[in-house]
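The values are calculated or read from the model by the stated rules, or taken from the named source; none is laboratory data. Just so it is clear, the model here is predicted, and its values are computed rather than measured. Reconstructed Cβ throughout: ideal geometry from the backbone, glycine too, with neighbour counts over all protein chains shown. Surface accessibility is based on the protein's heavy atoms, side chains included, excluding ligands, DNA and RNA. Shrake-Rupley method; radii C 1.70, N 1.55, O 1.52, S 1.80 Å.
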Amino acid sequence: MDKHGSLGDDGKGLGKLTMKDPYSKTKLPSKHVRGYIDLLRPFTLLAPFIVSMSIIVASLVYNNVAVPSDWWVTVGNASLTLALVNAASNILNQATDWKGDSISKPYRPIPRGVIKPDEAQSLAYILYLFALLRAVTVNVWFGFFVFLIMIFTVTYSLPPRMKQYLFLNQVWIAIPRGFLGILAGWSVFGDPLQREPLIIGTIAMLFFIGGMSTKDIVDSEADKTTGIRTLINTFGIKKAALISFPFMFFPFVFIPALITIGFLESYLWPLTLLAFLSCFIFYLMVKGDTESKTLENIHAWSIMYVEYIFFALGFAFLTIFAGILNLPTLL
């Protein structure tokens, strides 16, 4: 078994089950097609799909919109579109960062020679275009936000290549995946400039600013070699965790205060409990969390995505069932 948990190129069994398994174990589909699938990084697509679906349905209920008979088609189309944009950004990032991946993530399809960098980059542009064409069929606002998300993700990997700048690289991910992603989802059935999506999107953005430092731990040496400055390779893991923690923790802790001043509905106070999960992520980082044998990064990175999904699902659940839950107030 290698350091990434693979069984070696002569391993047998059910075939290539995870990204870290060798491509020689591929049975169905073909090795090249499996390379395309791995480029998408399917695990990371769960968050934008589930989050956007949750926000869209919450917007539908909150704004008391007359439900069209094909509402579920619109929800699915918009959610899939945001997931496609994320997939395109994943592929573009791998196409432009394959040298660093050769050091920290040699199991990926480009370092293994299954997919060529220019081939991956072409696929990313095709997905971007397809996602934008889908987005404009939803409505103008949704198409606008998808376009903005694309601008951020493209300039993260290509010039001015914001990925290389300390702290800005985390902000550049947090804005599209947190703030703009929430506004895009809300715009499907509601006004994206309403107070609720703006505040929920801001909370998500702040959380991502801190949480995204978890992804840089495994890439620390590779980033340093390729000239990318991150909190991890600049200050070390423990100091980076201390810098990141307030962004992950306080947005949830301040929810009761936002309720008190009338910026959020009172039934949303249970979202404050997610602060405990942020504490656990911080603990794992300080402790020296290890890389997962199956997923692409450390366990804290996986939990960070799970927390984001819980945040969106919790917001949607509380919004949809607010009238029958009758939650006690903390204030």
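To keep it simple, each residue is scored yes or no on (1) out of contact with any His (no Cβ under 8 Å at 6 or more places or on another chain); (2) surrounded by 21 or more Cβ atoms within 10 Å (Cβ to Cβ); (3) modelled with pLDDT under 95.
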site: F235; (1), (2), (3): yes, no, no
site: I243; (1), (2), (3): yes, no, no
site: F252; (1), (2), (3): yes, yes, no
site: A257; (1), (2), (3): yes, no, no
site: E265; (1), (2), (3): yes, no, yes
site: L277; (1), (2), (3): yes, no, no
site: E291; (1), (2), (3): no, no, yes
site: L295; (1), (2), (3): yes, no, yes
site: H299; (1), (2), (3): yes, no, yes
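Cβ contacts < 6 Å: first residue in a helix (DSSP H, G or I), restricted to the range 298-325; second residue polar (S, T, N, Q) and surrounded by fewer than 21 Cβ atoms within 10 Å (Cβ to Cβ), any location; separation 6+ or different chain. Result?
What qualifies is H299/S292.
Would you check which residues across the range 96-109 are crowded, with 17+ Cβ neighbours inside 10 Å and either in contact (Cβ under 8 Å) with a residue 60 or more places away in the chain or of a type in the set (S, T, Y) (or both) and list them? Talk me through it step by step, then tell me what you get.
Taking the range 96-109 first, the residues crowded, with 17+ Cβ neighbours inside 10 Å are 96-98, 100-101, 104-105, 107-109.
Those that are crowded, with 17+ Cβ neighbours inside 10 Å and either in contact (Cβ under 8 Å) with a residue 60 or more places away in the chain or of a type in the set (S, T, Y) (or both): T96, D97, G100, D101, S104, K105, Y107, R108, P109.
Looking only at the range 167-198, count how many residues are farther than 20 Å from L271 by Cβ and open to solvent by 50 Å² or more (accessible area, probe 1.4 Å).
Residues meeting the conditions: 5.
Spot the failing condition for L28; the list is (1) within 21 Å of K293 (Cβ to Cβ); (2) at pLDDT below 80, and only one is missed.
Answer for L28: the failing condition is (1).
Among D191, D118, which is the only one that is in a helix (DSSP H, G or I) and among the acidic types (D, E)? Before you say what the answer is, go through the steps one by one.
Values: D191 fails: in a helix (DSSP H, G or I).
Of D191, D118, the one residue that is in a helix (DSSP H, G or I) and among the acidic types (D, E) is D118.
Which of the residues spanning the range 63-78 are outside any loop (DSSP other than H, G, I, E, B), without any contact (Cβ under 8 Å) to a residue 40 or more places away in the chain and open to solvent by less than 50 Å² (accessible area, probe 1.4 Å)?
Result: G76, single match.
I209 passes all but one of (1) of a type in the set (A, V, I, L, M); (2) buried (at least 19 other Cβ atoms within 10 Å of the Cβ); (3) closer than 19 Å to A174 by Cβ; (4) touching a residue at least 40 places away in the same chain (Cβ under 8 Å); which number fails?
Evaluating I209 over (1) of a type in the set (A, V, I, L, M); (2) buried (at least 19 other Cβ atoms within 10 Å of the Cβ); (3) closer than 19 Å to A174 by Cβ; (4) touching a residue at least 40 places away in the same chain (Cβ under 8 Å) leaves (4) as the failure.
If K224 satisfies all but one of (1) at pLDDT 95 or above; (2) of a type outside the set (V, I, T); (3) part of a helix (DSSP H, G or I), what's the number of the condition it fails?
It is condition (1) that K224 fails.
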